[in-house]
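The structure appears below as structure tokens.
The values are calculated or read from the model by the stated rules, or taken from the named source; none is laboratory data. In this text, all values refer to a predicted model and were calculated from it rather than measured experimentally. Here Cβ is always computed from backbone atoms with ideal geometry, including for glycine, and neighbour counts include all displayed protein chains. In case anyone asks, the SASA skips ligands and DNA or RNA and just uses the protein heavy atoms, side chains included. Shrake-Rupley method; radii C 1.70, N 1.55, O 1.52, S 1.80 Å.
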Amino acid sequence: MSNNIVIAIDGYSSCGKSTLAKALAKKLHFIYIDSGAMYRAVTLYFLRHNVDLNNHEQIAEALKDIHLNFHSRDYQTHITLNDEEVSEEIRQMPVSDNVSSVAALREVRHEMVKQQQRMGRSKNIVMDGRDIGTTVFPDATLKIFMTADPKIRAERRYKELHEKNPDITLEEVFENIAHRDYQDTTRAESPLVRAPDAIILDNTNMTPDEQLQFALDKVDTIK
Ligand code: DC
């Protein structure tokens, strides 16, 4: 295999993109990059510093102060924001409720895309997100676009979140997913859309193992 293979996995919120991307990276010994974690860490910084999302100067200043780093252990995402480990905090509802608005900002997207493209240079990677196959790596070797029934997605995410936060309701999770789908697909700046050459993977009725096998079969065609 060549040493600059990019596998782009895009799709709706809570579709299991990261589960598949991690499993695939592990199997292939590729680097896994969770691009959503970057938007989440920026959101956390903006919330902590009360950055006004209508103030372009403040946004540009804040972006200069943000330094993100990934530390991969066992293919789990560990991300630091200015050297602070924030992997847990970026999954909580305050960030989830605000991340789509932050990810819609042009300045934020330009900066994240630049960093993501740098991470994929001369390496074999699996990156998941919303615009990986369209904007970040339009020439990706393989593109997968994931989708699933929104109710099933909410139930899966609810199970995950409920373990850590028993107060959370299924309704709240469903609303958050529906809201993010809407914002992600309707924003002006690189909206979530399937690249014409992306393979659709609807995993409503598929196990994680079946999804991995589906992806591995596609990888076989590019080797
Ligand atoms: O994959 P996730 O749920 O952790 O992503 C969090 C948010 O970040 C999601 O609502 C949309 C945004 N995002 C994006 O706009 N572009 C990406 N490449 C990845 C995530």
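The table that follows gives values for the structure above.
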{"item": "Hits in region 1-29 - residues which are more than 13 Å from the ligand (Cβ to nearest atom), open to solvent by less than 10 Å² (accessible area, probe 1.4 Å) and not β-branched (Val, Ile, Thr)", "result": "LEU24, ALA25"}
{"item": "Failed item, numbered, when VAL173 is tested on (1) in a helix (DSSP H, G or I); (2) open to solvent by 80 Å² or more (accessible area, probe 1.4 Å); (3) in contact with a Phe, Trp or Tyr (Cβ under 8 Å, 6 or more places away or on another chain); (4) not acidic (Asp, Glu)", "result": "(2)"}
{"item": "Residues satisfying the stated conditions in region 86-120, i.e. part of a loop (DSSP other than H, G, I, E, B) and touching a residue at least 60 places away in the same chain (Cβ under 8 Å)", "result": "GLN92, ALA104, LEU105, GLY120"}
{"item": "Test result for ALA62, open to solvent by less than 40 Å² (accessible area, probe 1.4 Å), touching a residue at least 12 places away in the same chain (Cβ under 8 Å) and in contact with a Leu (Cβ under 9 Å, 6 or more places away or on another chain)", "result": "no"}
{"item": "Selection from region 86-145 of residues that are aromatic (Phe, Trp, Tyr) and open to solvent by 40 Å² or more (accessible area, probe 1.4 Å)", "result": "none"}
{"item": "Members of region 32-65 found to be within 15 Å of the ligand (Cβ to nearest atom), part of a helix (DSSP H, G or I) and charged (D, E, K, R), listed by number", "result": "ARG40"}
